[in-house]
Amino acid sequence: MVDDGLELEEAYRRTCRKQDVQLKQTPPVDALRSAIREYRELFRPQQLVRLRQQRRLALQAMSEFLSFQPQIFGSLLHGDGPVDIIRLLLFADTPEQVMHHLSDRHIPWQDTESVLSYSGGRRTARPTLHFYAGETMVELVILDHQNHSDPPHDPLTGKRLEMRGIEQLNALLDEAPA
């Protein structure tokens, strides 16, 4: 997974299918994340350097979207998958607000959708904008303000999706070795 650049969810599900194992029979996600961290520390320290650089870039991107209450989520937050994509959740009344924000800054983007999991097993498509900051893709998943009370869930654990704001990402960077 680490060397192939797979997302944890994709690798998890692929392995379950290959081994004919149900998701419920697998080790907890936290144990896998810990093992990935240890593997990178021992065998792929350059990936940890890149992870730190990308988190700093994510801070810059989050600063650009402050008015949309940006929250980082996914593999860059956890360090458990590819580190070349910055995934941010933004809260806006309409996707057009974010599009105008990008247009005002002359940032070309592409629009698509991301399917997020919610309580009760619901899966809902959310508007998503992609753009590049150098060689890094930035993915902006746009939620409406009601999603504060009904946040997305992690598709593997079923628990509330872990996400962090700017201050929390700064704290993560401060605690990680340089």
Helices (runs of 4 or more DSSP H) enclosed by the range 1-108 - at least 1 residues per element that are surrounded by 12 or more Cβ atoms within 10 Å (Cβ to Cβ), at pLDDT 80 or above and among the acidic types (D, E): 45-64, 95-104
Count of the range 136-152 residues which are modelled with pLDDT of 95 or more and of a type in the set (S, T, N, Q): 1
Hey, R50 within 23 Å of Q168 (Cβ to Cβ), charged (D, E, K, R) and in contact with a helix residue (DSSP H, G or I) (Cβ under 8 Å, 6 or more places away or on another chain) or not: no
Residues within the range 125-150 that are surrounded by 10 or more Cβ atoms within 10 Å (Cβ to Cβ) and over 20 Å from P82 (Cβ atoms), tallied: 10
The lone exception for K159 - which of (1) surrounded by 12 or more Cβ atoms within 10 Å (Cβ to Cβ); (2) under 29 Å from R50 (Cβ atoms); (3) without any contact (Cβ under 8 Å) to a residue 12 or more places away in the chain it fails: (1)
Of residues in the range 124-156 being free of Cβ contacts under 8 Å to residues at least 12 places away in the same chain and in a strand (DSSP E or B), the one farthest from S75 (Cα to Cα): T124
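The values are calculated or read from the model by the stated rules, or taken from the named source; none is laboratory data. Every value quoted in this text rests on a predicted model; they were computed, and no experiment measured them. Cβ atoms come from the backbone with ideal geometry, glycine included; neighbour counts cover every protein chain shown.
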